[in-house]
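Structure first, commentary second.
The values are calculated or read from the model by the stated rules, or taken from the named source; none is laboratory data. Quick caveat: nothing in here was measured; it's all calculated off a predicted structure. Methodologically, a virtual Cβ is constructed for each residue, glycine included, from the backbone with ideal geometry; neighbour enumeration extends over all protein chains shown. Remember, those area values only see protein heavy atoms, side chains included, never the ligands or the DNA or RNA. Shrake-Rupley method; radii C 1.70, N 1.55, O 1.52, S 1.80 Å.
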Amino acid sequence: MDGQGTPKPPEADDASRLSDPRRLASLATTNLMDSPHEEVFDRAVRLATQLTGRPVGLLSLIDGQRQFFKAQIGLPDHAAEARETPLTHSFCQHVVTEDAPLIVKDAREDPLVRDNLAIDDLGVVAYLGVPVHGPDGETLGSFCVIDGSPHEWSAADLKTLEDLSAMIETDLKLRDTVAQRYLLIGEMNHRLKNIFTLIGGMIRQSAREASDPREMAEQITGRVQALNAAHSLVLPDGGTRGHEGGEVALDDLADTVLAPYPGAQKIVRGGKVMLGPKAAVAFALSLHELATNAAKYGAFSDSLGRVELDWDVAEDKLSLTWREELPHAMAVTANDAGFGSRLLQLNVEAQLRGTLHRDITPQGVHVSLAVPIEALVD
C-alpha cells in the first residue's frame, strides 16, 4: 500500500500478462464472463470445499480489470451477490500471471499478498489456487479454496484442486468442440449452396463461350474439376494431404482456390509463405468466401473485372490485401453481415488471431488483414 492507504497498482509485467490480447480473446471465446450460474461449475466448487474441508471455494475468471466468480461458495453476502471484485481484492490474479499454483498459509505474512484488500474485506487468510486453462492453453482464471484462518495446505489438497480443474478444462474443451461442429455444419451448408450456384454459373458461362457441345462439355468439366480441387483444400482435414510436413505454400493455395473463377483478370503476388494445416484451412476458407462473393456480386461476375491479391511479411506479421475492381457499379450490393462475412471474420480473428478490415464500394470489395507470423505454423 502507498502512504495514502490505497492499494498499489499491479506490477507492469503482471498487468501486461493479464491484459494480453490473446489471453483475453481466449477468455471471451468461452462466453463465461458475466454468465449465469451453471451446475457443472457449482458442483466442482462444492466438491473442492468438501474434499479440502475449507469453507470457501471459487472458480474465478480474470480479465484486465476484475475477477468474476463463475462459481462460488462461502463468500460474504455482498461479494456473493456481486459475483466480482476489482483486482485489488484478487489473489487469483497471481495464479493467472504466473500460470502456476499459489499456496498461501497466512496472507498477512506473505509478501506477495499481505497488502491485498481481500484480507480485510473478504476475510481471506489462507489460499490455495490452481490455473484453469482454455481449450487453446491460455490461462483464464483460478480454481481455489480459501480459509479465514491460517492453514497448512497438504499435497493432497493441491492434487484435489488440480484434478477438479482438469475436469473443468475438459468441459471447456467439449464445449469448444461442440461449437466448432455447429459452425462446421453451418459452413458446409453455406458452401454447398454456393457450390450449386457457382456450378450453375459455370454452365451458363460455358454455354455462352463454347462454339460446340464438345467444347462446352470440356469447359464445364475443367471448371468443376478445378472447383473440386479448391473444395478439397477447405475440408475439415485441412486439405494438406500430399504436402511434405503438412504445410501448404500460400501462393499454391491461392492459385488453387481461385482457379475455378474465370472471367476476370487475376493478379496474385507475394513472397513464399508456408502455412501449417490449421492456418491453411483458415486461409482457404477466407479466400473461398471472398472469391464466392466476387462471383456473386463483384469482379468475378464480369469479364472486365479485376482482382488483385498480394501479401508481404514484415516484422512479426503477414499482411494480405484483396482488391476488386469493376468498370461499373455492382448491380447488387454485397452483404457485409451475412454468414460468409461472419465466417471470414471468425477465420481471421479467432482462428488466425489476426485483424480484419473490410470496405464495400460500388466497384467492389477491398479487404485487408494482418496475421501474426506465429499463427501461420499451426
Which pairs have Cβ atoms under 7 Å, sit 6 or more apart or on different chains, and link a residue in the range 12-35 that is in a helix (DSSP H, G or I) to one that is among the aliphatic types (A, V, I, L, M) and open to solvent by 30 Å² or more (accessible area, probe 1.4 Å)?
Leu27/Met33; Thr29/Ala350
Considering only residues of the range 117-157 that are open to solvent by 40 Å² or more (accessible area, probe 1.4 Å) and hydrophobic (A, V, I, L, M, F, W, C), which is nearest to Met33 (Cα to Cα)?
Leu117
Output for the range 33-73, where each listed residue is among the small types (Gly, Ala, Ser), closer than 20 Å to Ala118 by Cα and surrounded by fewer than 18 Cβ atoms within 10 Å (Cβ to Cβ):
Gly64
From the set of residues in the range 286-328 that are more than 23 Å from Gln351 (Cβ to Cβ) and of a type in the set (Gly, Ala, Ser), which is surrounded by the most Cβ atoms within 10 Å (Cβ to Cβ)?
Ala299
If I filter the range 104-127 for residues that are touching a Phe, Trp or Tyr at 6+ places or on another chain (Cβ under 7 Å) and of a type in the set (Ser, Thr, Tyr), do I get at least one hit?
yes
Subset of the range 256-281 that is in contact with a Lys or Arg (Cβ under 9 Å, 6 or more places away or on another chain) and either open to solvent by 10 Å² or more (accessible area, probe 1.4 Å) or farther than 26 Å from Gly364 by Cβ (or both) - its residue that is modelled with the highest pLDDT:
Ile267
Does Gly186 qualify as being touching a strand residue (DSSP E or B) at 6+ places or on another chain (Cβ under 9 Å) and either in a loop (DSSP other than H, G, I, E, B) or modelled with pLDDT of 70 or more (or both)?
no
Note on Ile103: of the conditions (1) assigned to a helix (DSSP H, G or I); (2) open to solvent by 20 Å² or more (accessible area, probe 1.4 Å), unmet is (1)
